[in-house]
Amino acid sequence: MYLSILIPTYNHDWTPLAKELLRQAEGLTSHEVEIIVMDDASEHETPAIEGVTYIHLGENVGRSKIRNLLAQQAQGSHLLFLDNDLFPVRGSYLQEMTSRAEEGVVVGGLMYRKTPQIGTLRYKYGVTREQKDAATRNLSPYDAFTSCAFLIDKKSFNAISFDESYCSYGHEDTKFGIDLREVGIPIYHIDAPVYHDDTDSNEVYLEKTRLAIDSLLEHRDTAEQQSKLLRLYLKLKKMHIVWGFKLLYVGLHKLMRYNLKSKHPSITIYNLYKMGYLATKY
């Protein structure tokens with residue numbers, strides 16, 4: 001197998017991840033490995049690392065297009081996409097992911113470790129909603145798909161690729177999961193997690209939440225089948241109770257934001273915040 005490890009990056013130090021992947025690649029004696037990092041027009045270029053192809057784009061192209069550009073650069077038969085703020089939990093990560101490569105798309109899962117840099121809301125949401133074992137994720141494999149860390153053969157990727165109409169933040173992975181389901185490409189979730197060391201503050205994460213919902217609404221005709229938030233919203237709308245969430249958001253969003261930006265944010269309030277924001281925009 002020829003494995004292309006593809007890392008999109010923007011204003012983030014990707015070098016710890018790349019160095020760990022280089023170390024692990026040395027143990028894959030039966031595989032040829034290349035690592036390509038593509039920088040989406042960060043303010044500062046990162047010095048080259050031996051064994052890593054680094055490409056700095058002249059203009060920002062967004063989360064979907066940069067992944068497609070990475071795939072075009074790749075020489076391998078299989079593509080491992082990894083976001084720049086991830087780090088393998090185990091030293092056997094590459095071995096574990098490639099062991100199932102011939103069966104379909106492989107997703108290893110996420111874990112969160114609390115650090116002084118990570119915002120409390122991002123950490124709490126990640127642990128409660130995104131940190132799930134393979135057995136749980138395999139109950140709804142397409143719904144549980146995430147684009148931040150997955151392995152796919154290049155032929156399958158080229159059959160769909162990322163939808164470049166998703167230019168802003170959020171839900172490009174929702175659409176990719178929909179496309180995988182529609183063309184019948186299977187997804188296998190395994191327990192080979194990476195740490196998601198996101199450094200978003202509570203304020204930044206709330207802004208990203210709003211941007212993601214805006215993106216969801218922009219593509220609601222296709223995203224409905226895959227988005228739990230949108231499916232729930234439409235169910236509540238049929239029950240004629242969406243107006244209550246809208247009133248709640250309009251009247252209490254400042255108090256909700258006060259909680260969500262605190263050191264002890266409530267996930268229940270966060271869910272109400274998202275539904276209320278969606279209700280004001282739909």
Sorted by mean Cβ packing within 10 Å, highest first, what order do the peptides 88-96, 24-32 take?
88-96, 24-32
By the gyration tensor of its Cα atoms, with a ≥ b ≥ c the square roots of the eigenvalues, what is the shape of the stretch 1-160: rounded for a/c under 1.5, prolate for a/b over b/c, or oblate?
rounded
What lysines does Lys263 reach when the alpha-carbon gap must be under 24 Å and sequence neighbours fewer than 8 apart in one chain are set aside?
Lys114, Lys124, Lys132, Lys208, Lys254, Lys274
Report the local net charge at Thr115: Lys and Arg +1, Asp and Glu -1, summed over other residues whose C-beta lies under 13 Å from its C-beta.
-1
For the chain, give me the percentage of DSSP beta bridges that are antiparallel, rounded to the nearest 5 percent.
30 percent
Considering only Ile36, Ile269, Ile213, give the residue with the highest GNM mean-square fluctuation for the chain, with springs between Cα atoms whenever their separation is below 10 Å.
Ile269
Using a 1.4 angstrom probe, figure out how much accessible area the chain has per residue, in square angstrom, rounded to the nearest whole.
48 Å²
Quickly rank 184-194, 52-62 as a protection proxy: mean count of other C-beta atoms within 10 Å, highest first.
184-194, 52-62
State the Cα centre-to-centre distance between the stretch 36-59 and the stretch 253-282 in whole Å.
36 Å
Near Phe150, within a Cβ-to-Cβ distance under 11 Å, what is the net charge of the other residues, with Lys and Arg +1 and Asp and Glu -1?
-1
Around Ser64, under 10 Å between beta carbons, what's the net of Lys plus Arg minus Asp minus Glu among the other residues?
0
Within the accessible area of the stretch 182-282 (1.4 Å probe), percent carbon and sulfur
59 percent
Give me the percent of the accessible area of the stretch 1-145 that comes from carbon and sulfur atoms, probe 1.4 Å, all protein chains in place.
46 percent
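The values are calculated or read from the model by the stated rules, or taken from the named source; none is laboratory data. Every value quoted in this text rests on a predicted model; they were computed, and no experiment measured them. Glycine gets a Cβ as well: all are built from the backbone with ideal geometry, and neighbour counts include every protein chain shown. SASA here: full protein model, heavy atoms, side chains in, ligands and nucleic acids out. Shrake-Rupley method; radii C 1.70, N 1.55, O 1.52, S 1.80 Å.
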